[in-house]
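The values are calculated or read from the model by the stated rules, or taken from the named source; none is laboratory data. These figures come from a predicted structure and were not determined experimentally. Cβ atoms come from the backbone with ideal geometry, glycine included; neighbour counts cover every protein chain shown. The accessibility values were calculated without ligands, DNA or RNA, using every heavy atom of the protein model including side chains. Shrake-Rupley method; radii C 1.70, N 1.55, O 1.52, S 1.80 Å.
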Amino acid sequence: MTGARALDLFDAQATSRQLDLAGRWLRSFGEGYYTIGSAGHEGNAAVAAALRATDPALLHYRSGAFYCVRAAQAAGWAPAERPGADRDGTDQPSGERSDADRFEVERSDAERFEADQPSGERFDAGRGGTDRPAAAGGPVEAAPGDPDGPGDGSAPDAADPEEPTGGARSAVDRPLRPGYAEAARDVLRGMVASSSEPLAGGRHKVFGRADLAVVPTTSTIASHLPRAVGMGLAVERLRRLDTAGRRDGAPTSGGDGGAMHTPWPPDAIVVCSFGDASVNHASATAAFNTAGWYDHTGLRIPVLFVCEDNGLGISVRSPKGWVETTLRSKPGVRYFSADGGDLPRAYEAAAEAAAWVRRHRRPAVLHLSTVRLMGHAGADAETAYRSPGEIAADLARDPLTATARLLVGAGLATGEELLARYDEIGWQVRRIAEEVLDEPKLTAPADVVAPLAPRRPARLARAVADAAARAGGPGAGARAEAFGGKPPELTGPLTLAQSINAALADGMLDHPQMAVFGEDVGAKGGVYGVTKGLRDRFGVARVFDTLLDETSILGLGLGAGLAGMLPVPEIQYLAYLHNAEDQLRGEAATMQFFSQGAFRNPMVVRVAGLAYQEGFGGHFHNDNSVAVLRDVPGLVIAVPARPDDAAPMLRTCLASAAVDGTVCVFLEPIALYHTRDLYADGDGEWLSHYAEPGAWTGGHVPIGRARVYGVGSAEDVTIITFGNGVPMSLRAAATLADEGVGARVVDLRWLSPLPVADIIREAAATGRVLVVDETRRSGGVGEGVIAALVDAGYVGAARRVAGVDSFVPLGPAARQVLVSEEAITQGARTLLAR
């Protein structure tokens, strides 16, 4: 590490510390809303400096110094020095060096480089004492084509005119790098909830910006780690596809215009930081296990995990040695470590770890020991749970003063100069804080929710029409080949499962970046045969089995979507989703909200669910709880009941994900997968023909539009339902028609957003509404329907038939808690008798 680089990183550390102080100052008079700081973790500046500006990063909330360095990198400051390349062992080099020598790259280190390096001018402590060098040296450049060298295209900093050039105040009289000031403004805008904040726009204080390749994370308890693994898997997969495409002359984009490459360079690595307490979280365990599992199978995941270990989770201490033991024991994940208070050593270890991940395309973890200063947050009185001696010991390990001591010991600055520099940075940060105070805030509900879930129905309809044109035109030959010469529209009427299978195949043909994955979806073709044959048609790179962990399955989807893919993960049963719900709520649904659409994770999650499986299951295979999904803002929930709805609804979901970045849950009623008959055995009334591409446009199903069936006169009662309730309600309506009662059955099709306009129109048509809800009475879909009616001023009669507030038991007892046709018929009769 050069002396100039050390001075620059001191500035990053000082900027981060002053941001923490500014946050407390803003809070003191009610204008700051976030006081969790980075004090004690400023060693992560060295981690940022060891990476490229184009390496995507998901950052822990104590990453102020990292963010400052990344902003400076993006502004043109090349950070990449290489103190050492990959080493075979995980042990770190030992031995004492003088403070000056620690800012040099010794020959023993350079000999480990894979390529010869030009030797930039370096500071020589032997000549210096406290004198400054005439010019501090630049970084060691990588040889051309070296995969471990600088990859952001920036020039090295050897000739940087802003470096010290001698003189008594050279360490102070340097302008703060524009990137640092810009980063400070970003962070301060987040603290005051300014709508001018460049990423979240005042919705949260995040570290994130698309041009910095910093992906926002707001759930700080390790929930972003599964996404990081998914990003790594997708980056490597798309890198290989891109390489193969260039070699074979194959196109790297699909007919829908979706490019098959990531937003990052092909040799990028993913970096993901988190705290030591988070290592115990189930999400972290899932991420490490998945990374190791795939590494064991031979698949490459270039992810560098960075555990910033200050020994505390708010007030709960990590047992001594526990974090290291835990991280070292992760199979398939290489372990590196360093003291975050030792800037040169942290830089060496980070550079070594990053080089190893970049070269081998395999996961590693950097265990960075840190301290926590100024408490967990502004309101945390840590004296209640920490002794004065313990707090003082952490102050003695302050990384900012440690860097200052090294700079003074190396003769690069005096203590007085560094104090003056620290104060000068503080005043610059305070001035920026004062400037952002008057910036506008979000003041209207529409402004707050604007980026949450953009809906562009005209563009979706056009995307479906374009897909139809491709399938029936230039893609017709490939489509015929994929279906073995007999496309699904020529195979006769299909079941729900067969229709979904055909629509998935059409989606794979139209979206080359689409991948289908989950438990048993590959070789077996799904436990209900819904993905049967897809792996044989499209290959194991696009249709593959995963390990049995729903958190990881969704995390793979989140990362893949962010990296440019169109993921279609499958959750085998609805009940299995509940232990992974935060991946949808805290991660998937918040991405566009907290980035104003700068980042998006398009995804269509297929879930087999709901009840009524005859002779099978119990509550794990007959789960009827969807309340937690309907509670997630922006999430689209589709429930197809009929085969001729399933295909167009799936096409809509895929188009919405590709066009708007939507996160969709495609909830498939298990009991209807293979249903063929409606009114009588053998009638085939629940089968449907698959539409040819020419009919896709006319049969397009927009998000939030219901389907209405008229039975008899259709003038007496409106039955509103979905899923399994549709065939039951149609049979009940037929019974009522025999009694002279005309009914209209409304299939909601979309549980979020509800088709409110259709609900109101059909309710008003009869003035009597029976809501048939196969979910539970409390928290069920019916509550939302009734609320929509009330909000619209509906004054007619209304009644609900819903499932009992119970888990679904095994065997015939299930009938005691689920909606039946008899209950629907009787409910309508009661309603008519009022």
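Summary table
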read-out	value
Any hit, the range 310-321, residues being of a type in the set (Gly, Ala, Ser), more than 15 Å from His281 (Cα to Cα) and touching a Phe, Trp or Tyr at 6+ places or on another chain (Cβ under 6 Å)	yes
Of all residues making up the range 705-720, the number that are in contact (Cβ under 8 Å) with a residue 60 or more places away in the chain and either open to solvent by less than 50 Å² (accessible area, probe 1.4 Å) or not in a strand (DSSP E or B) (or both)	4
Residues within the range 753-778 that are surrounded by fewer than 24 Cβ atoms within 10 Å (Cβ to Cβ) and part of a strand (DSSP E or B), tallied	2
Residue within the range 594-616 that is within 30 Å of Ala210 (Cβ to Cβ), β-branched (Val, Ile, Thr) and part of a loop (DSSP other than H, G, I, E, B) present	no
Close pairs (8 angstrom Cβ cut-off, 6 or more residues apart or separate chains): open to solvent by 40 Å² or more (accessible area, probe 1.4 Å) in the range 690-702, modelled with pLDDT under 95 and assigned to a loop (DSSP other than H, G, I, E, B) anywhere	none
Given (1) in contact (Cβ under 8 Å) with a residue 60 or more places away in the chain; (2) surrounded by fewer than 20 Cβ atoms within 10 Å (Cβ to Cβ); (3) not in a helix (DSSP H, G or I), index of the condition Tyr679 fails	(1)
Strands (runs of 3 or more DSSP E) lying entirely in the range 271-386 (those with 1 or more residues that are touching a Pro at 6+ places or on another chain (Cβ under 8 Å))	303-309, 334-339
Residue list for the range 431-461, restricted to those being of a type outside the set (D, E, K, R) and within 17 Å of Leu199 (Cα to Cα)	Val436, Pro440, Leu442, Val448, Val449, Ala450, Pro451, Leu452, Ala453, Pro454
Ala355 vs. criteria touching a residue at least 24 places away in the same chain (Cβ under 8 Å), in contact with a strand residue (DSSP E or B) (Cβ under 8 Å, 6 or more places away or on another chain) and open to solvent by less than 20 Å² (accessible area, probe 1.4 Å)	no
Test for Ala598: is it touching a helix residue (DSSP H, G or I) at 6+ places or on another chain (Cβ under 7 Å) and open to solvent by 10 Å² or more (accessible area, probe 1.4 Å)	yes
Residue within the range 375-386 that is under 22 Å from Gly23 (Cβ atoms), in contact with an Asp or Glu (Cβ under 8 Å, 6 or more places away or on another chain) and either of a type outside the set (Asp, Glu) or open to solvent by less than 10 Å² (accessible area, probe 1.4 Å) (or both) present	yes
Leading residue by the ranking (nearest to Leu770 (Cα to Cα)) among those in the range 788-834 that are in contact (Cβ under 8 Å) with a residue 40 or more places away in the chain and in contact with a Ser or Thr (Cβ under 7 Å, 6 or more places away or on another chain)	Ile824
Among (1) buried (at least 22 other Cβ atoms within 10 Å of the Cβ); (2) basic (Lys, Arg); (3) in a loop (DSSP other than H, G, I, E, B) - the single one Arg744 does not satisfy	(3)
Residue selected from the range 59-74 under the condition touching a Gly at 6+ places or on another chain (Cβ under 9 Å) and among the hydrophobic types (A, V, I, L, M, F, W, C), by the criterion farthest from Ala181 (Cα to Cα)	Leu59
The range 418-433 residues that are in a helix (DSSP H, G or I), paired with ones that are among the charged types (D, E, K, R) and open to solvent by less than 80 Å² (accessible area, probe 1.4 Å) (beta carbon under 7 Å, 6 or more apart)	Ile425/Asp11; Ile432/Arg185
Condition met for Glu685 (farther than 29 Å from Arg455 by Cα and modelled with pLDDT of 95 or more)	yes
Single match in Thr401, Thr370 (criterion: at pLDDT 95 or above, closer than 30 Å to Ser28 by Cβ and surrounded by fewer than 18 Cβ atoms within 10 Å (Cβ to Cβ))	Thr401
Residue list for the range 332-385, restricted to those being among the hydroxyl-bearing types (Ser, Thr, Tyr) and within 28 Å of Ala286 (Cα to Cα)	Tyr335, Ser337, Ser369, Thr370
Single match in Ala497, Ala461, Ala471, Ala446 (criterion: modelled with pLDDT of 95 or more, open to solvent by 30 Å² or more (accessible area, probe 1.4 Å) and outside any loop (DSSP other than H, G, I, E, B))	Ala461
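Rundown of residues vs (1) among the hydrophobic types (A, V, I, L, M, F, W, C); (2) closer than 24 Å to Ala57 by Cβ, yes/no style:
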| site | (1), (2) |
| --- | --- |
| Leu547 | yes, no |
| Leu556 | yes, yes |
| Gly561 | no, yes |
| Pro567 | no, yes |
| Glu581 | no, no |
| Glu587 | no, yes |
| Val605 | yes, no |
